[in-house]
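Worksheet: one structure, shown below.
The values are calculated or read from the model by the stated rules, or taken from the named source; none is laboratory data. The model shown is predicted, which means the values in this text are computed figures rather than measured ones. Note that each Cβ is placed from the backbone with ideal geometry, even for glycine, and that neighbours are counted across all protein chains shown. With ligands, DNA and RNA removed, areas are computed over all heavy atoms of the protein, side chains included. Shrake-Rupley method; radii C 1.70, N 1.55, O 1.52, S 1.80 Å.
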Amino acid sequence: MSSREKTITEFMIEEQRRFPEATGDFTALLNHVRLACKRISFIVGRGVLAGAHGAAPGINVQGEAQMKLDVISNDIFLRTSEYGGHLAGMVSEELEEPYQIPPEYPLGKYLLVFDPLDGSSNIDINAPVGSIFSVLKAPHGAQPAAKRDFLQPGSQQLCAGYAIYGATTMLVLTLGRGVHGFTLDRGFGEFILTHPNMRIPEETSEFAINASNERFWEPPVKRYVLECLAGHGGVRGKDFNMRWIASLVAEVHRILIRGGLFMYPKDTKEPSKPGRLRLLYEANPMAMIVEQAGGSASWGRGRILDLAPGDLHQRVPLILGCKSEVERIELYHLEHDQGLDRVYSSPLFKERSLFIQSEWNSR
């Protein structure tokens, strides 16, 4: 590390000094989160040598099969964060109810919510995975947190971030004043500020969506994707690339680095689950990061950060990335709801695959 490189610890201390009344509790909490991410990075980096590959015996509260690393990562977050005296409680994707701070530890004024290992289905193929986290203010201070205390709209988040465990490990963080990326120097053992003031490019020709769900999409989403696939000769007048990694962390990281759009829209595949991603600890943190980087995040018919969660594990549609593209999709939803997109709502459109283009384009 050169003398000019800034560590994440130095960065957070500088941020703390902006607020003379700060006690250091918030900085200490983020240091514990940073440490949890380093520990998970070490285990992920060892791969099969850590003996943590494959499925765990049970399923989580979502009804999804757990990977061994899901369970290990969840335990790392809990054990690394519970003892510091900064938290009133935690919520995890892997736990049905809020995690209560053990009685032997003091309580604090913050709440931590997290997805300990996003994209864990990618573990066995050595593709990128990550952790997502967010910090809220505990409404009642240093008191044991109840379920209702966590049900705050995303606009109330104090900070949000993610760690991505790939060829390098990065921790990307916003405190509400821009987005900053830190790369783990494995030799030095610390996160170094390498990507200050990250911004999403204003224009893009790349989008990410799980095309296997095409038959379940609403007409506005079909309309948008069809226009992109039409390429240079279509209404958009340019060619688009389509991506899909099956890891929200990896998708958002790509958008922050080189631009683009991510969509996991509302569909009819499972009527009881109109959205796929969890609002509290997936959509909200990523929406805050994307907005702070100059992008936009929507559920198709409104801003994600304005939604008030009704449940700890509430699912929502999520569309985020380049601001102009998100606004275009919101417009298509509005036109559909007002009956103004008759061509795209017709039975002919619904019967045709987005990937059979020639006949449609000739009309």
Open item on the list: Can you find a residue that is farther than 26 Å from residue 178 by Cα, open to solvent by 40 Å² or more (accessible area, probe 1.4 Å), in a helix (DSSP H, G or I) and modelled with pLDDT under 95 anywhere in the stretch 62-71?
Closed with: yes
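Each row is one residue, and each column tells you yes or no for (1) farther than 23 Å from residue 336 by Cα; (2) open to solvent by 40 Å² or more (accessible area, probe 1.4 Å).
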site	(1), (2)
155	yes, yes
174	yes, no
209	no, no
213	no, no
219	no, no
226	no, no
235	no, yes
245	yes, yes
251	yes, no
TODO: Could you please give the count of residues in the stretch 101-137 that are without any contact (Cβ under 8 Å) to a residue 40 or more places away in the chain and of a type in the set (Val, Ile, Thr)?
DONE: 1
Task: Hits in the stretch 10-48 - residues which are part of a loop (DSSP other than H, G, I, E, B) and either crowded, with 19+ Cβ neighbours inside 10 Å or of a type in the set (Val, Ile, Thr) (or both) - done: 23
Task: Scan of the stretch 149-168 for residues that are of a type in the set (A, V, I, L, M, F, W, C), at pLDDT 95 or above and within 30 Å of residue 184 (Cβ to Cβ), ordered by number - done: 150, 158, 159, 160, 163, 164
Open item on the list: I'd like to verify a number: residues in the stretch 261-316 that are in a helix (DSSP H, G or I), acidic (Asp, Glu) and either over 28 Å from residue 215 (Cβ atoms) or open to solvent by 10 Å² or more (accessible area, probe 1.4 Å) (or both), how many?
Closed with: 2
TODO: Go through (1) in contact with a Pro (Cβ under 8 Å, 6 or more places away or on another chain); (2) open to solvent by 20 Å² or more (accessible area, probe 1.4 Å); (3) modelled with pLDDT under 95 and name the single condition residue 146 misses.
DONE: (3)
Open item on the list: Conditions first: (1) part of a loop (DSSP other than H, G, I, E, B); (2) open to solvent by 20 Å² or more (accessible area, probe 1.4 Å). Residue 200 passes all but one, so which condition is the exception?
Closed with: (2)
